[in-house]
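Undergrad: First the structure, then my questions, so here it is.
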Amino acid sequence: MFSRDGCIDLIIHCRVVLAPLTRQKSYGNVPQPHAILYYSQRTSKGGLLITEATGVSDTAQRYPDTPGIWTKEQVEAWKPIVNAVHAKGGIFFCQIWHVGRVSNSGFQPNGQAPISSNDKPLTPEIHSNGIGVAQFTPPRQLRTDEIPEIVNDFRLAPRNAMEAGFDGVEIHGAHGYQTDQFSKDQVNNRTDQYGGSLKNRCRFALDIVEAVVDEIGADKVGIRFSPFADYMESGDSNPKELGLYLANALNKYGIVYCHMSEPRMKTVGEKIETPDSLVPMRKAFNGTFIASGGYDREDGNKAVAEGRADLVAFGRWFLANPDLPKRFELNAPLNKYIRETFYVSDTVLCYTHYPFLDITALVSD
Ligand code: FNR
């Protein structure tokens, strides 16, 4: 589907990727029919869409109503959504996810503690809508002999994703969730072969890559990292070295793409000035490179023209503009996104109601 020295022709015609966006409308962790319209609205021929983060197991969850892909019911529920994207010529990857310590016992099987690389509790967090506070239960540190079970959950999820009809999976290795909890030195305090040195800390992510590649083939596997981000108290003392190590290490597996969040995005919606860039990682990685975080049309065009990315993923602008590639093509005005409604459970408001471009109005202007 993608070629190792670039992107497939179809992708080349649409470098605008739908970034993974949690929307919390999969009641009981089961994708719902309203997602058919949401994703198909955002599909254009040859465009890549990445699903919202999707749990690999019942210990992977934290946010209410986020989808999973570990049960038969979930797999069946994804099928019509995937079919709708394919019917419009889109390429659909499922982002597979384990939250690790970013959870609370209310979301865990039998009310148990969340599991993580470490036992460091997170500070309670004000919800992004400004209402209420998310409480995190102190995690239980995984024993070394338990780690292969989590890796195995990451192996089964892509098998299910194939059954659901997805074109591939994106391993969520970013933004402070389980994989980051292993790779970042400000979180990982282990003393076994999964902690300490850079090589040891990255072992968990690479074990997962190896398992997923073995299960479904490298041409169907992408991964997302955010070495520079410190979401969920997951900073690293040397993010450049970490990003570069991971980008180089991925080459061994021949996966189809590496997706990285920009160093300038510390938290969603907060753009900081930084001299850091993804260029060294982009140069190190042999496959398709996707950049994301704080891009607009101009930035995206520039990144591609200068060879800093093959594809650019857009989050908030795509959320609010179902026809974003068309709007970019025409340099048309964009709908504004409404941050307060990113995670509301309403299935229409600020989900499928964002309007498409009125081309006739543009012509008459
Ligand atoms: C996100 N982001 C995100 N990232 C990820 O890897 N998996 C996810 O499920 C989510 N969910 C999510 C929900 C919402 C509502 C937002 C706004 C963001 C991060 C997202 O993919 C992207 O990296 C950021 O939004 C920054 O890119 P933009 O919005 O500046 O293009």
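The values are calculated or read from the model by the stated rules, or taken from the named source; none is laboratory data. Every value quoted in this text rests on a predicted model; they were computed, and no experiment measured them. Positions of Cβ are backbone-derived with ideal geometry, glycine not excepted, and every protein chain shown enters the neighbour counts. Accessible surface is based on the protein model in full, side chains and every heavy atom, while ligands, DNA and RNA are left aside. Shrake-Rupley method; radii C 1.70, N 1.55, O 1.52, S 1.80 Å.
Undergrad: Identify all aspartates and glutamates with a Cα-Cα distance to LYS120 below 13 Å; exclude those on the same chain that are fewer than 8 residues away in sequence.
TA: ASP185, GLU233
Undergrad: Only bridges whose two residues both fall in the chain count here: according to DSSP, what percent of them are antiparallel, nearest 5?
TA: Beta bridges within the chain, antiparallel portion: roughly 10 percent.
Undergrad: On a 1.4 Å probe surface of the protein chains, which of THR54, THR144, THR191 comes out largest in accessible area, and what is the full order? Don't jump to the answer; show the numbers that get you there.
TA: Values: THR54 0, THR144 50, THR191 145 Å².
So the residues, ranked largest to smallest area, are THR191, THR144, THR54.
Undergrad: Over the chain, what is the mean sequence separation of C-alpha contacts under 8 Å (at least six apart), divided by residue count, expressed as relative contact order in percent?
TA: 17 percent
Undergrad: Could you please report the charge total around MET260, scoring K, R as +1 and D, E as -1 over all other residues with beta-carbon less than 9 angstrom from its beta-carbon?
TA: So the surrounding residues net to +1.
Undergrad: Run the 1.4 Å probe and let me know the accessible area of ASP230, rounded to the nearest 10 Å².
TA: 70 Å²
Undergrad: To continue, here is another question. Got a sec to turn the phi values of the range 329-344 into Karplus ³J(HN,Hα) couplings, 6.51 cos²θ - 1.76 cosθ + 1.60 with θ = phi - 60°, whole Hz, x for Gly and Pro?
TA: 4, 8, 6, 8, x, 10, 5, 7, 8, 10, 3, 5, 10, 4, 10, 5
Undergrad: Considering only C-alpha atoms, what is the centroid distance from the range 125-196 to the range 240-278, in Å?
TA: The distance from the Cα centre of the range 125-196 to that of the range 240-278 comes to 18 Å.
Undergrad: Let me ask something else about it. Describe numerically, in nm with one decimal, the distance between label points set 7 Å from Cα along Cα→Cβ at LYS120 and at LYS326.
TA: The modelled label-to-label distance comes out at 4.7 nm.
Undergrad: A follow-up question, please. What 222 nm value per residue comes from the helices of the chain, counting each DSSP H run with n ≥ 4 as -39,500 (n - 2.57) and dividing by all residues, nearest 500 deg cm²/dmol?
TA: Computed ellipticity for the chain at 222 nm equals -9000 deg cm²/dmol.
Undergrad: Using only alpha carbon pairs under 8 Å that are at least six residues apart, calculate the relative contact order of the range 82-223 and give it in whole percent. Could you put the intermediate results ahead of the total?
TA: On the way: 236 pairs, mean separation 37.7, N = 142.
Across the range 82-223, relative contact order equals 27 percent.
Undergrad: Rounded to the nearest 10 Å², what accessible area does GLU241 have for a 1.4 Å probe in the complete protein model?
TA: GLU241 has an accessible surface of roughly 90 Å² with all protein chains in place.
Undergrad: How much area per residue is accessible in the range 232-365 when the probe is 1.4 Å and only protein heavy atoms are counted (Å²)?
TA: Heavy-atom accessible area per residue stands at 47 Å².
Undergrad: Relative contact order, percent, of the range 139-246 when contacts are C-alpha pairs under 8 Å separated by at least 6 residues? Working shown, then result.
TA: On the way: 146 pairs, mean separation 35.3, N = 108.
Computed over the range 139-246, the figure is 33 percent.
Undergrad: Order the following by accessible area, largest value first: ARG297, ARG190. Probe radius 1.4 Å; ligands, DNA and RNA are ignored.
TA: Descending accessible area places them as ARG297, ARG190.
Undergrad: Collect residues whose amide H, placed 1.01 Å from N in the peptide plane, falls under 5 Å from the amide H of THR137; neighbours closer than 5 in sequence don't count.
TA: SER103, ASN104, SER105
Undergrad: Whole-Hz ³J(HN,Hα) for each residue in the range 112-119, computed from phi via Karplus 6.51 cos²θ - 1.76 cosθ + 1.60 with θ = phi - 60°, x for glycine and proline: what do you get?
TA: Coupling constants for the range 112-119: 6, 6, x, 10, 8, 5, 9, 10 Hz.
Undergrad: Ignoring ligands, DNA and RNA, what percent of the accessible area of the chain is carbon or sulfur (1.4 Å)?
TA: 52 percent
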